[in-house]
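A.B. asks: Okay, handing you the structure first.
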Amino acid sequence: MKTKKQVTIGLFLVMGVSMMVLSLSGCTKETTAVPTATDSQYKEAILNYTVADTSLTGCTSCIDSLPYEALSTSESEALIWMREEEFLAHDVYLTLSLLYTKPIFRNIARSEQRHTDAIKALLVKYSLVDPAANHVTGTFTNQDLQTLYNSLVALGSGSLLNALVVGATIEDLDIKDLEEHLLTIDNQDITCVFNNLMRGSRNHLRSFYANILFTGGTYTPQYLTQEEFDAIVNSNHETGTGNCRCN
């Protein structure tokens, strides 16, 4: 299921990335920058995304322990949408990892697999039909996501910098989508998972942005406000809260 708003977001994503990629050669770096870390290993971890992905720590193991609550229509649609949207990120990064040796694509693809698995656990709990059952990389039930995947891979295939911008744009959109879904969700388990997915996406955005700057490019947020974006990229990697805490 997909709302008119989500269709529009997908179309703007393709258009926005296309325009950004076309203008990259004439851009100068923004004044915002990834925080300076004195630990060289930390810097390397951010650039390669080799930091431990703890975005779902204390959450997926708690899904069944949290109460079963009646689902609203918006909650059902959010779960179905996010199941494939997380696969979209996974599949784009996995495909780009075959084109570029930079570890960030492969490593974040692994993280995205854990994210979509967490959504699957909720689909199973609430007996919802899984739109990504027997998922094949690059193939989506939702045709708008299929079109989006094809466009993003085509854009990212142009150059490493283009691919990094595609990654930042996906995470930019993912955070915004999760924020908006959370406005209409009150089930404890879904709220838990979505908040943790959002923390993971913020970490992914930090790493893609660090790589864009390192490669000599720039990125302007398309979905988050500039203030929200700056707050994320100018702060350090986040870790899971653990102990079934979901904030």
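The values are calculated or read from the model by the stated rules, or taken from the named source; none is laboratory data. In this text, all values refer to a predicted model and were calculated from it rather than measured experimentally. Cβ: placed from backbone, ideal geometry, glycine included. Neighbour counts: every protein chain shown.
A.B. asks: Search segment 110-133 for residues that are under 11 Å from Leu79 (Cα atoms) and at pLDDT 95 or above and pair each with any residue that is of a type in the set (Ser, Thr, Tyr) and surrounded by fewer than 19 Cβ atoms within 10 Å (Cβ to Cβ) when their beta-carbon atoms are under 6 Å apart and the residues are at least 6 apart or on different chains.
C.D. replies: From residues that are under 11 Å from Leu79 (Cα atoms) and at pLDDT 95 or above, the pairs are Pro131/Thr141.
A.B. asks: Continuing with this model, one more query. Quick one: is Asp186 touching an Asp or Glu at 6+ places or on another chain (Cβ under 9 Å), surrounded by fewer than 24 Cβ atoms within 10 Å (Cβ to Cβ) and among the charged types (D, E, K, R)?
C.D. replies: Criteria met by Asp186.
A.B. asks: Using beta carbons and a limit of 6 Å, which pairs, at least six apart or on different chains, have the first residue in segment 34-54 and more than 10 Å from Ser207 (Cα to Cα) and of a type outside the set (A, V, I, L, M) and the second one at pLDDT 80 or above and part of a loop (DSSP other than H, G, I, E, B)?
C.D. replies: Listed pairs, sorted by first residue: Pro35/Asn234; Thr54/Thr239.
A.B. asks: Follow-up question, since we're still on this one. From the list Val136, Val92, Val124, which one is part of a loop (DSSP other than H, G, I, E, B) and out of contact with any His (no Cβ under 8 Å at 6 or more places or on another chain)?
C.D. replies: Checking each option against the conditions leaves just Val136.
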